[in-house]
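Step one of this worksheet: look at the structure below.
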Amino acid sequence: MKVTIFANESEKSTAVASELHTKLLAAGFEIDDAHPDIVLSVGGDGTLLSAFHHYSHMVDQVRFVGVHTGHLGFYTDWRDYEIDQLITGLLEDNGQSVTYPLLAVDITYADNQMADHYLALNESTLKKLGSTMVADVYIQDELFERFRGDGLCVSTPTGSTAYNKSVGGAVIHPRLDALQMAEIASINNRVFRTLGSPVIVAPYETITIRPQQKSHFVFTADQLDTQPRPIEEIRYSIANRRIAFAQHRHNRFWKRVGTSFIGLDEQ
């Protein structure tokens, strides 16, 4: 089995990555940064997001394992003091995995009609700089509403516990193939109305946002921020590729939610 270690630059993560590297070699694993079978992320959820985007070009060929060295994360299954147990799990690995949907984002710019494609694990947002964003929202190419507010967030089920939750979105189990759109500070009065609630769409449906102003917007896909540009439309759908996690421990989603947000003791 070929593995690689993707760690953040904190002192603790660096030490854990060094220990992991030494013990993996001693156990007979091959370290291959270019074509790994398993990507070992050492850090937190942000580190795993970075690892995902680093290997997104081959996401259907690798599995991910998260090692937690900081605050509790939804993508990290192992603690920094469980390196020996992790290596035992890798030695006993039979190739099983659990897969989650990814967000496909196709964006067309108004200045030259050039289209870009992005893949996101958590979410994508669109915001207006300095003034209210006005945009028509389409679901399956049918007009759903004209949105006015700070912006919109479209997330995957795995991303539902991230920025989506902070703007009032629902928490969705990551085994469901669905997309969620949550409003960011929408304007609702007797003149302007939006649904005012998160929208969860079926796996075959698309969400399209068409801004009404031909001005600059801030677009994000996970940790990626783009330079403000005039946008013609953004189309969101479930990607035809999925992220895979090695199924050594990747379960107990609702336990993680309770531990992270309600304060239940981690068992």
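Directionally averaged projected area (the stretch 1-85, Cα convex hull): 5.1 nm². Extension gain for the segment residue 106 to residue 141, taken as residue separation times 0.36 nm less the Cα-Cα distance, is 11.2 nm to one decimal.
For the stretch 64-131, chymotrypsin sites (Phe, Trp or Tyr not before Pro) meeting the loop criterion (DSSP other than H, G, I, E, B) and having at most 13 other Cβ atoms within 10 Å: 81.
Measuring nothing but how far apart in sequence close Cα pairs (under 8 Å, 6+ apart) lie, relative to its length, the chain scores a relative contact order of 20 percent. Each of 3, 52, 100 was scored by the projection of its Cα onto the charge dipole of the chain, and the greatest displacement toward the positive side belongs to 100; charges sit on the C-beta of Lys, Arg, Asp and Glu. Placing a pseudo-label 7 Å from each Cα along the Cα-to-Cβ vector at residue 11 and residue 84 gives an inter-label distance of 2.6 nm. Loop-resident chymotrypsin sites (Phe, Trp or Tyr not before Pro) (DSSP state other than H, G, I, E or B) in the stretch 194-255 with no more than 10 further Cβ atoms inside 10 Å of their Cβ: 204.
First obtain the Kirkwood hydrodynamic radius of the stretch 102-240 from its Cα pairs, then insert it into the Stokes-Einstein equation at 20 °C and 1.002 mPa s, and state the resulting D in µm² per second as a whole number.
D = 145 µm²/s.
Under the criterion of Cα pairs below 8 Å and six or more residues apart, the relative contact order for the stretch 197-254 equals 34 percent.
Using the crude model of +1 on Lys and Arg Cβ and -1 on Asp and Glu Cβ, and no other charge, please compute the dipole size for the chain relative to its Cα centre, in debye to 20. It comes to approximately 880 debye. Gain on full extension, evaluated as 0.36 nm per residue between residue 60 and residue 261 minus their Cα-Cα distance, stands at 69.2 nm. Per residue, the average separation of C-alpha pairs within less than 8 Å and at least 6 apart gives the stretch 102-240 a relative contact order of 32 percent. Report the gain in length on full extension from residue 170 to residue 254: 0.36 nm times residue separation, minus Cα-Cα distance, nm rounded to one decimal. Result: 28.9 nm gained on full extension.
Here residue 205 and residue 116 are evaluated by their C-beta separation; at R0 = 22 Å the FRET efficiency comes out at 0.50.
Residue 179 sits among other residues whose Cβ lies under 11 Å from its own Cβ, and their net charge, with Lys and Arg +1 and Asp and Glu -1, is -3. The rule of thumb for compact globular proteins, 2.2 N^0.38 Å, goes into the C-alpha radius of gyration of the chain 1.09 times.
As I understand it, the dipole of the chain uses +1 on the Cβ of Lys and Arg and -1 on the Cβ of Asp and Glu, about the Cα centre. Which of 135, 179, 14 lies farthest toward its positive end? The Cα lying farthest towards the positive end belongs to 135.
Note on the chain: GNM, Cα springs under 10 Å; of 93, 177, 222, the largest mean-square fluctuation is that of 93.
Counting other Cβ atoms within 10 Å, keep those with at most 15, restrict to DSSP loop, and tell me which chymotrypsin sites (Phe, Trp or Tyr not before Pro) in the stretch 127-194 are left.
Taking the stretch 127-194 and a limit of 15 other Cβ atoms within 10 Å, the loop chymotrypsin sites (Phe, Trp or Tyr not before Pro) found are 192.
Summing Cβ point charges (Lys, Arg +1; Asp, Glu -1) relative to the Cα centre of the stretch 136-267 gives a dipole of roughly 220 debye. Rounded, prolate or oblate: which fits the stretch 1-145, taking a ≥ b ≥ c as square roots of the Cα gyration tensor eigenvalues, rounded meaning a/c under 1.5, else prolate when a/b beats b/c? Taking the square roots of the gyration eigenvalues as a ≥ b ≥ c, the stretch 1-145 is prolate. The fewest-to-most ranking of 160, 155, 10 by surrounding Cβ atoms within 10 Å reads 10, 160, 155.
A short reminder: the numbers here are calculations on the coordinates, not readings from a lab. Predicted model only: the values in this text are computed from it and were never measured. Every residue, glycine among them, receives a Cβ derived from its backbone with ideal geometry; neighbour counts consider all protein chains shown.
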